[in-house]
Structure formats: structure tokens, C-alpha cells
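Let me begin by presenting the structure, written as C-alpha cells, before commenting on it.
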Amino acid sequence: MKEVNPQETSRAYAFEMWMNAPMPMVTFFKTLNVSRLVKISRESGMKFNMLICWCIGKAARNVKEFYLLPVGGKLMQYDTIAVNTIVANREGEVSSCDIPFCDDLSMFNQHYLRLTKQVAESCVNHDLTESMVIGTSALAQYEIDGAVGMYSGIFNNPFLIWGKYKRRLLKTTLTVSFQFHHTQMDGAHASRFLDEVQKEIDNLRI
């Protein structure tokens, strides 16, 4: 992670326009076809949440804007990406767990299982401060359509939220909300990312 001069990046105009905006976050909604993930999860025993987190990381790695993030009024550049998941811990509360992204699904799964178990038992967050972290929160027991207004003014990281997937006659769908800082990316970048998530789901093979 290193600080970069915004004027020397493709985000120069966005940095000037949005860095000090009172509400710089934008939220998009998209309904994904997750039929393939549900099928693979059942057949392989892999967790559905792990599979979608991996697809999110794999889609993000091809969008260069994900490697830039406004932090403390500065624009930071990262070399690696991580995907965060919220974990129910042994005290009945929630903890945060950052999982380093890697192209190897089996290795990502190993990291996911080991780190989420560690966080659940220790009740201590696992943070990867040297990676650009994509936040996620799965409210899998509830039928929600998304979330807005998560901006804290401290954490500018992109963030996805979803609830329970919905079974249809011919497919299973999941509506996700994707919040991003406008300094980091524009709507076109966000839309491309969400399209890439769907492609990664459709192309997933184990």
C-alpha cells in the first residue's frame, strides 16, 4: 500500500469532485442468478457464502479501480485485494474477518474456513490493512433487497450486502446492494464489476 498523487491517476477529476463531498457513496442494486452456486455448494459441501465471496474477489481483480481507495483524505494504491465477511462469534456478537483473495478456489476455501473459525472462537477481528478490502455482509436468514446509507466517514471501502436467496421455478436469484466511494470508481466501473460477478458465477467450475 502506498500513497499516490491523484493527479497522476485516472481518478484525478473524481478525487477533486467527490473527496470532500458530504455523501460520496453510491449504491447500486443487482439481482444475480445464483443457481449454479447453490448447485455447486450442495454437490461439493463448500459454503455458499464462501463461493460468492470468491466470485466477488475474482471479478474485482480485473477492475483496476479496485486497487485505489481514498483513505484519510489521501488516495492509496494497493497491490492485493481481500474480501471481508462478518462472522457470528462464540459470544453471540459479530466479528470482522478479512480473507486474502487468491485465484485458487481450493486455497481460498482453506483460508476462509481457517480464518472464520479463528475469528469466531477468538472474538478478535482479522484485519488485512495492506490489502484493499471489499466488505460483505450476508443476512442469509432474512428477505431483504439491499441496504443504503452505510457511510461512516471513516471507512471508504466498497461493500456488498445480501439476504436470503429466492427460489424460482427455473432459477435461484439473489439481490445484492453494492456501495462504493465515487472517488474510487464511477457507475460504469461498478456496473462492469457487477456484470463480472455474474460471469464468474456462471463460469465457476470445481
Worksheet item: With respect to Ser122, is the statement that it is free of Cβ contacts under 8 Å to residues at least 40 places away in the same chain, within 22 Å of Leu75 (Cα to Cα) and of a type in the set (Ser, Thr, Tyr) true?
Response: no
Discussion item. Let me confirm something: among Tyr67, Tyr78, which residue is open to solvent by 40 Å² or more (accessible area, probe 1.4 Å) and under 30 Å from Asp186 (Cβ atoms)?
Written reply: Tyr67
Discussion item. Criterion first (acidic (Asp, Glu) and open to solvent by 50 Å² or more (accessible area, probe 1.4 Å)) does Glu121 satisfy it?
Written reply: yes
Worksheet, complete the sentence: Considering the stretch 57-101, residues that are of a type in the set (Phe, Trp, Tyr) and assigned to a loop (DSSP other than H, G, I, E, B), and then whichever is nearest to the chain's Cα centre (by Cα), we arrive at Phe101
Practice prompt. Looking only at the stretch 81-100, decide whether some residue is surrounded by fewer than 21 Cβ atoms within 10 Å (Cβ to Cβ), β-branched (Val, Ile, Thr) and without any contact (Cβ under 8 Å) to a residue 12 or more places away in the chain.
Written response: yes
Fill in: Verdict on Met185 being over 20 Å from Arg36 (Cβ atoms) and in contact with a helix residue (DSSP H, G or I) (Cβ under 7 Å, 6 or more places away or on another chain)
yes
Discussion item. Which of the numbered conditions does Met25 fail, given that it passes all the others? Conditions: (1) open to solvent by less than 30 Å² (accessible area, probe 1.4 Å); (2) over 30 Å from Leu105 (Cβ atoms); (3) in contact with a helix residue (DSSP H, G or I) (Cβ under 6 Å, 6 or more places away or on another chain).
Written reply: (3)
Worksheet entry | Residues of the stretch 10-22 that turn out to be touching a Ser or Thr at 6+ places or on another chain (Cβ under 7 Å) and surrounded by fewer than 13 Cβ atoms within 10 Å (Cβ to Cβ), as a count | 0
Worksheet item: Which one is nearest to Ala138 (Cα to Cα), of the residues in the stretch 1-56 that are in contact with a Phe, Trp or Tyr (Cβ under 6 Å, 6 or more places away or on another chain) and part of a loop (DSSP other than H, G, I, E, B)?
Response: Val34
Worksheet item: What number of residues within the stretch 53-64 are over 21 Å from Thr183 (Cβ atoms) and open to solvent by 10 Å² or more (accessible area, probe 1.4 Å)?
Response: 2
Practice prompt. For residues that are open to solvent by 40 Å² or more (accessible area, probe 1.4 Å) and in a loop (DSSP other than H, G, I, E, B), scanning just the stretch 102-115, find the one that is nearest to Gly57 (Cα to Cα).
Written response: Asp103
Discussion item. Among the residues of the stretch 30-52, what is the count of those that are crowded, with 21+ Cβ neighbours inside 10 Å and either out of contact with any helix residue (DSSP H, G or I) (no Cβ under 7 Å at 6 or more places or on another chain) or without any contact (Cβ under 8 Å) to a residue 24 or more places away in the chain (or both)?
Written reply: 0
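The values are calculated or read from the model by the stated rules, or taken from the named source; none is laboratory data. All values reported here derive from a predicted model rather than from experimental measurement. Here the Cβ is made from the backbone with ideal geometry for all residues, glycine too, and neighbour counts use every protein chain on show. To get the accessible areas, we keep the full protein, side chains included, count just its heavy atoms, and leave off ligands, DNA and RNA. Shrake-Rupley method; radii C 1.70, N 1.55, O 1.52, S 1.80 Å.
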